[in-house]
Amino acid sequence: MTDDARAALEQLRDASQFEWYVIPLLLLVLYAYAAEVERRNWNVLFAGLALWGMDWFNEIWNALVFHFSGRAPVWGARGDTAYQILIGLNIEICFMFAVMGIVAAKFLPPRGTRVLGLPNRPVLIAVNSAAAVGVEMVLNRAGVLTWEWDWWRAGFPFVLFLVGYVPFFLACFVVHDMPRVRTKAVTVGTILGIDALALAVFGTLGWL
């Protein structure tokens, strides 16, 4: 086991690390969603939940990589946190991804708008994903987000780009553009349902 993985593991689900700032952060996240419900802006609401659900999916398989390799997760979250949920996910990161999809969806132009002559959705998926990878590189250099595998690192960011973020923004934008609210709800419900089932099963087995 690597030193960074051990450091993250030592604080995993340690309730003694709780800090009160979690409560106002939670309220801010809830407010962001409540505002979309009030406006009946279902496109943005479900887009935000879709991205959040996709992050949970990634966090779960990342924890499974650590369990089965016994060496390290693909990415680990270490350092001060109010609560470490999974080895690569703390409560602050969870809240960040909960609002990231809302922010991304709010910046979406009409589907017919072109960027540099190209359809805007693929361009914005690439731009948002690249920006997120850039932020992760900064966090990695700061030592609070660790990478332990050669194929997931700053010198070779393509897998991080394609696996770590493109699916997030793809799901976010696809759900946003779905024509029916029911279809959005079913899609997001499926994503979150798979996440919940995986957490229940793998958590019970002690693999997370």
Among (1) surrounded by 15 or more Cβ atoms within 10 Å (Cβ to Cβ); (2) in contact with a strand residue (DSSP E or B) (Cβ under 9 Å, 6 or more places away or on another chain) - the single one L25 does not satisfy = (2)
Those residues that are β-branched (V, I, T), part of a helix (DSSP H, G or I) and over 17 Å from L45 (Cα atoms), I need them from region 145-195; list them, please.
-> V159, V163, V166, I194
Hey, among G101, G203, which residue is touching a Cys at 6+ places or on another chain (Cβ under 6 Å) and part of a helix (DSSP H, G or I)?
-> G101
Within region 48-71, how many residues are farther than 23 Å from S129 by Cβ and surrounded by 23 or more Cβ atoms within 10 Å (Cβ to Cβ)?
-> 1
Select, from E92, E59, the only residue that is touching a residue at least 40 places away in the same chain (Cβ under 8 Å), among the acidic types (D, E), under 29 Å from L9 (Cα atoms) and not in a loop (DSSP other than H, G, I, E, B).
-> E92
Flagged in region 1-33 as of a type in the set (F, W, Y), assigned to a helix (DSSP H, G or I) and in contact (Cβ under 8 Å) with a residue 60 or more places away in the chain, in numbering order, are Y33
Looking only at region 34-51, which residues are in contact (Cβ under 8 Å) with a residue 60 or more places away in the chain and within 17 Å of F95 (Cα to Cα)?
-> E36, V44, F46, A47, G48, L49, A50, L51
Filter region 130-160 down to residues that are among the β-branched types (V, I, T) and within 21 Å of G70 (Cα to Cα) and give me whichever is surrounded by the most Cβ atoms within 10 Å (Cβ to Cβ).
-> T146
Confirm whether V135 is in contact with a Phe, Trp or Tyr (Cβ under 8 Å, 6 or more places away or on another chain) and assigned to a helix (DSSP H, G or I).
-> no
What's the number of the condition L124 fails, among (1) in contact (Cβ under 8 Å) with a residue 12 or more places away in the chain; (2) among the hydrophobic types (A, V, I, L, M, F, W, C); (3) under 30 Å from F66 (Cβ atoms)?
-> (3)
Output the residues belonging to region 154-199 that are of a type in the set (D, E, K, R), more than 24 Å from P119 (Cβ to Cβ) and touching a helix residue (DSSP H, G or I) at 6+ places or on another chain (Cβ under 8 Å).
-> D195
Among (1) assigned to a helix (DSSP H, G or I); (2) in contact with a Gly (Cβ under 7 Å, 6 or more places away or on another chain); (3) closer than 24 Å to R153 by Cβ, P73 falls short only on (1)
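Readers should treat all values here as calculations from the given coordinates under stated rules, not as data from a laboratory. The structure displayed is predicted, hence computed values, not measured ones. Positions of Cβ are backbone-derived with ideal geometry, glycine not excepted, and every protein chain shown enters the neighbour counts.
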